[in-house]
Amino acid sequence: MNTLKCIIVDDEPLARQGLEKYIEQIDFLELKATCKNAMQANAILKNQAIDLLFLDIEMPLLSGIEFLKTRTDAPAVIFTTAYPKYALEGYQFDVIDYLLKPISFERFLQACNKAIRLIPSKKQVNQKEEEQAPFIFVKTDKQLVKLNIKDILYIEAMQNYILFHTETAQVMALVPMKNIFELLSKKDFLQIHKSYIVAKNKVTAISGNQLIVNQKQLPISTRMRKEVVAALTHSRLLKK
């Protein structure tokens, strides 16, 4: 049976604890994180492949529905809310299920069984779409330059352009950082700062709030440090 990697997003501590206990009882669910708000979830989704969100709706900063409107690549969603009034709008996002608090374990399991039936087909489609090509073309001043993915050490944003750093060269490209990150496999690349993306297998060390790549020290954003360290140390690249 496939395992679904999931996160809980809910501003109520008791609600998070209750969902954690339920998830512990279901062998095909793997809880990767619990979040107090949508912004914490957003940071995790940047760096980890998540299959399923248990998402509350009424939360500070961004509601669950507002959060989904900000993302075009959101995982599958099971809403967990105390408010039935959002059901119609919620289902417009093609959610797996809509659970009303207080949530019984029977109803929770029903929703999860539905998720394990529906998500694998979506994952297979996504895997095909996200297969990393061995190269990309980037636009410089006068031409399109071919870059082999395996040669990229890190990518640096510099005002209105970006620099691709390899072991032998630097290639300047007139393209937004966000557009480049969307082309790269999240399995192989990690954004560590608004101005830096690194190739995970090129990282040799973590030193405080910096990563070492090819003897170059690169800053880790303070708000992203926890997720960056987790993304690296939970892989085969760096072991504790």
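Residues that are under 26 Å from the mean Cα position of the chain (by Cα) and at pLDDT below 85 within region 75-94 comprise Tyr86, Ala87, Glu89, Gly90, Tyr91, Gln92, Phe93, Asp94, listed in sequence order. Determine if region 48-71 includes at least one residue that is surrounded by fewer than 14 Cβ atoms within 10 Å (Cβ to Cβ) and free of Cβ contacts under 8 Å to residues at least 12 places away in the same chain. Checked against the condition, which is being surrounded by fewer than 14 Cβ atoms within 10 Å (Cβ to Cβ) and free of Cβ contacts under 8 Å to residues at least 12 places away in the same chain, region 48-71 yields at least one hit.
Within the bounds of region 116-135, is there any residue that is over 30 Å from Val213 (Cβ atoms), of a type in the set (A, V, I, L, M, F, W, C) and at pLDDT 90 or above? Yes, some residue in region 116-135 is over 30 Å from Val213 (Cβ atoms), of a type in the set (A, V, I, L, M, F, W, C) and at pLDDT 90 or above.
The set of residues in region 1-10 that are under 16 Å from Asp51 (Cα atoms) and either under 20 Å from the mean Cα position of the chain (by Cα) or at pLDDT 95 or above (or both) comprises Asn2, Thr3, Leu4, Lys5, Cys6, Ile7, Ile8, Val9. Being at pLDDT below 95, surrounded by fewer than 14 Cβ atoms within 10 Å (Cβ to Cβ) and farther than 23 Å from Ile119 by Cα: is that true of Pro13 here? No, not satisfied.
Just to be sure, is Ile103 modelled with pLDDT of 95 or more, hydrophobic (A, V, I, L, M, F, W, C), surrounded by 13 or more Cβ atoms within 10 Å (Cβ to Cβ) and not in a strand (DSSP E or B)? Answer is yes for this residue. Of all the residues in region 72-95, those that are aromatic (Phe, Trp, Tyr) and loosely packed, with under 13 Cβ neighbours inside 10 Å number 1.
Just one of (1) out of contact with any Phe, Trp or Tyr (no Cβ under 7 Å at 6 or more places or on another chain); (2) at pLDDT below 85 fails for Ile206. It is (2).
The values are calculated or read from the model by the stated rules, or taken from the named source; none is laboratory data. Remember, predicted model here, so these are calculated numbers, not experimental data. Positions of Cβ are backbone-derived with ideal geometry, glycine not excepted, and every protein chain shown enters the neighbour counts.
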